[in-house]
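The values are calculated or read from the model by the stated rules, or taken from the named source; none is laboratory data. As the structure is a prediction and not an experimental result, all values here were calculated from the model. Virtual Cβ from ideal backbone geometry, glycine too; neighbours counted across all protein chains shown.
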């Protein structure tokens, strides 16, 4: 498979067949073998992403890993970057939007996360990631298929038309119990907010704690139907009729 070219559906199907039933470590190793150094990962420092960084520390710690630093993240999230660096020697790159929070809110007459959250996510997450993946052939995400309907529709390996690269989802078949078993068994650093009612953590203004047993993403954009920032919403290719 050539770098920066769109693999055929048949090629992607063959990779998925080859990786069927494989562990996340084996899926990551496949991504590294095929695409490194044109391979990158994006993480919000969630529990799943921390698992993948632990795995990559053993497989290939020089894979570029970024965090989309919107300017609205919890201080605990930012502090976790230092714990990851100390434990694994992995320096997660903080990718920022074109404007600071102050500039952005002044430009729009206030915070858009209240009135136009989709626009806020587009400007401060999706556009910065589009800029970051240029020149890369594949990226790694930490989504699980049981988190949302959009994620359930993903493949372990897929073509990501939104970002024009191959996308690997090594934890697609894991569930929450798998994640926390791995964290506990391997002493993986994680965000302490997970211990205080935050199963899923995004930007501080758009993340609330949830009751025990509630949907783990119900605290994201609480009170609205929004459950995705848009990074993992599958986008059809232009000209595609499917």
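Couple of notes before you dig in:
- For the stretch 148-163, the candidate set comprises residues that are within 19 Å of residue 47 (Cα to Cα) and in a loop (DSSP other than H, G, I, E, B); within that set, the residue that is modelled with the highest pLDDT is 156.
- Residue identified as part of a loop (DSSP other than H, G, I, E, B) and buried (at least 18 other Cβ atoms within 10 Å of the Cβ) among 188, 166: 188
- Identification of helices (runs of 4 or more DSSP H) wholly contained in the stretch 30-125 with 1 or more residues that are in contact with a strand residue (DSSP E or B) (Cβ under 8 Å, 6 or more places away or on another chain) yields 47-59, 75-88, 112-115.
- Breaking point among (1) within 30 Å of residue 188 (Cβ to Cβ); (2) without any contact (Cβ under 8 Å) to a residue 24 or more places away in the chain, for residue 69: (2)
- Looking only at residues in the stretch 137-147 that are assigned to a loop (DSSP other than H, G, I, E, B) and within 13 Å of the chain's Cα centre (by Cα), the one that is surrounded by the most Cβ atoms within 10 Å (Cβ to Cβ) is 142.
- Residue within the stretch 92-108 that is surrounded by 18 or more Cβ atoms within 10 Å (Cβ to Cβ), modelled with pLDDT of 95 or more and under 16 Å from the mean Cα position of the chain (by Cα) present: yes
- The listed residues are 56, 39, 52, and the only one of them that is modelled with pLDDT of 95 or more, buried (at least 21 other Cβ atoms within 10 Å of the Cβ), closer than 18 Å to residue 133 by Cα and touching a helix residue (DSSP H, G or I) at 6+ places or on another chain (Cβ under 9 Å) turns out to be 39.
- The stretch 127-136, subset in contact with a strand residue (DSSP E or B) (Cβ under 9 Å, 6 or more places away or on another chain) and closer than 14 Å to residue 96 by Cβ, residue surrounded by the fewest Cβ atoms within 10 Å (Cβ to Cβ): 131
- Test for residue 169: is it within 17 Å of the chain's Cα centre (by Cα) and within 30 Å of residue 7 (Cα to Cα): yes
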